[in-house]
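What follows is a set of notes on a single structure, which appears directly below.
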Amino acid sequence: MVGLTNAVVVVAVVALVLVRQFRARPINTDRRWWLLPVILGVIALREPGILDVRHRTESAVLLAVELLIGLAMGAGWAWTTRVWTEPDGVVWTKSTKASAAVWIAGIALRIGVYGLGAALGLHQHSSALMLGFAGSLLVRGGILTWRARVLFAPATPPHGASPRFAAAYGDGSRTAEKERA
């Protein structure tokens, strides 16, 4: 029953995150952007079945691969998210079509990892998926918060100025100013 509960939590959080990220939203860099990923990580790690008891090494390797996919997906998602400031200085974000491609690739890779585990006869717990998703959210939130703070805080446009945009990989839109690295 715990696996079913974890699966429902993962699906609900993913649905909520996806719906929210593909709409333009202001980003608050003072907010606790790390709280949801930490909560998901704690929920995932409290489960004793995260590693297969009979195949600890193999399941640990698959868990590490799941985490790497999650971290890479979070970074890809963050760098494909459009970030801009409005004339009032509020920083906004919106995921792009390239962000959707990152999600599709991440899901395909996770299906491949699950298939590999099944072929090896490993018991795979939904906590691994939850932990990978927590990593994705943590990396994405960290990168977006960094981008918002570094790129726009020091140079808030004057009142009446046009919005400033930061490049998002695969966005296809022109940017008013380039990001500073």
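The values are calculated or read from the model by the stated rules, or taken from the named source; none is laboratory data. None of these values were measured; they are calculated from a predicted model. So basically every Cβ, Gly included, is an ideal-geometry build from the backbone, and we count neighbours across all protein chains shown. Note: areas computed on protein heavy atoms with side chains; ligands, DNA, RNA excluded. Shrake-Rupley method; radii C 1.70, N 1.55, O 1.52, S 1.80 Å.
On the stretch given as segment 12-23, residues that are loosely packed, with under 11 Cβ neighbours inside 10 Å and either in contact (Cβ under 8 Å) with a residue 12 or more places away in the chain or more than 27 Å from Asp88 (Cβ to Cβ) (or both) total 3. Among the residues of segment 40-57, those that are buried (at least 17 other Cβ atoms within 10 Å of the Cβ) and within 21 Å of Val139 (Cβ to Cβ) comprise Leu40, Gly41, Ile43, Ala44, Ile50.
All told, Glu86 falls short of being more than 19 Å from Ile111 (Cα to Cα) and touching a His at 6+ places or on another chain (Cβ under 8 Å).
Taken over segment 131-148, the criterion of being in contact with a Phe, Trp or Tyr (Cβ under 7 Å, 6 or more places away or on another chain) and more than 13 Å from Ala72 (Cβ to Cβ) is satisfied by Gly141, Thr145.
Among residues of segment 114-132 that are closer than 19 Å to Val13 by Cβ and open to solvent by 60 Å² or more (accessible area, probe 1.4 Å), those with a beta-carbon under 7 Å from a residue that is assigned to a loop (DSSP other than H, G, I, E, B) and of a type in the set (S, T, N, Q) at least six positions away or on a different chain give the pairs Tyr114/Gln124.
Could you please give the count of residues in segment 58-85 that are open to solvent by 80 Å² or more (accessible area, probe 1.4 Å) and at pLDDT below 90? Give the steps one after another, and end with the answer.
If we filter segment 58-85 for residues that are open to solvent by 80 Å² or more (accessible area, probe 1.4 Å), which is where we start, we get 58, 61, 68, 79.
Still in the running and at pLDDT below 90: 58.
Looking only at that region, the number is 1.
Looking only at segment 55-81, residues that are among the charged types (D, E, K, R) and in contact (Cβ under 8 Å) with a residue 12 or more places away in the chain come to 2 in all.
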